[in-house]
């Protein structure tokens, strides 16, 4: 049985992009992926727009909470740390590979724009998972 791959998704507030990335990794990675998310400056809450956007796809994000990097460092080292384009706010965590996706923060976007970011994240996670198993 292949060893589980551990992925950490990081954005600034851990309320939108990294939360949706973690959700997609759990949805698409089945039992082969352990997914986590955290923020360099967590907001303390999940954006209701993110909860609604993921609910459309059958995932309940309301059970997640916004976490700091300190809360997830116990799971290190990671196979990959994926940042969302947070520039100098991006942290260092023990990992085999670091990836930056440069995804715009959808926090202030309308529903349609938010859904486009959600779908972009989904396609990036779909590309990432097979690459990790190589």
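For the pair residue 43 and residue 133, a Förster radius of 35 Å applied to the C-beta separation gives a FRET efficiency near 0.60, rounded to the nearest 0.05.
Would you kindly calculate the mean projected area, averaged across all directions, of the convex hull enclosing the Cα atoms of the chain, in square nanometres?
On the way: hull surface 30.0 nm².
Quarter of the Cα hull surface area: 7.5 nm².
Label zone of residue 74 (point 7 Å out along Cα→Cβ, amide N under 15 Å): in the stretch 36-61 this covers 36-37. Between residue 4 and residue 56, residue separation times 0.36 nm minus the direct Cα-Cα distance comes to 15.9 nm. Which of these, 40, 30, 18, has the largest mean-square fluctuation under a Gaussian network model of the chain (Cα springs below 10 Å)? Fluctuation is largest for 30.
Which of rounded, prolate, oblate describes the stretch 4-71, given a ≥ b ≥ c as roots of the alpha-carbon gyration tensor eigenvalues and a/c under 1.5 marking rounded, otherwise prolate only if a/b is larger than b/c? Here the stretch 4-71 falls in the oblate category.
Each value in this text was obtained by applying a stated rule to the coordinates, not by laboratory testing. The structure displayed is predicted, hence computed values, not measured ones. Quick reminder, even Gly has a Cβ in these numbers, built from the backbone with ideal geometry, and neighbours come from all protein chains shown.
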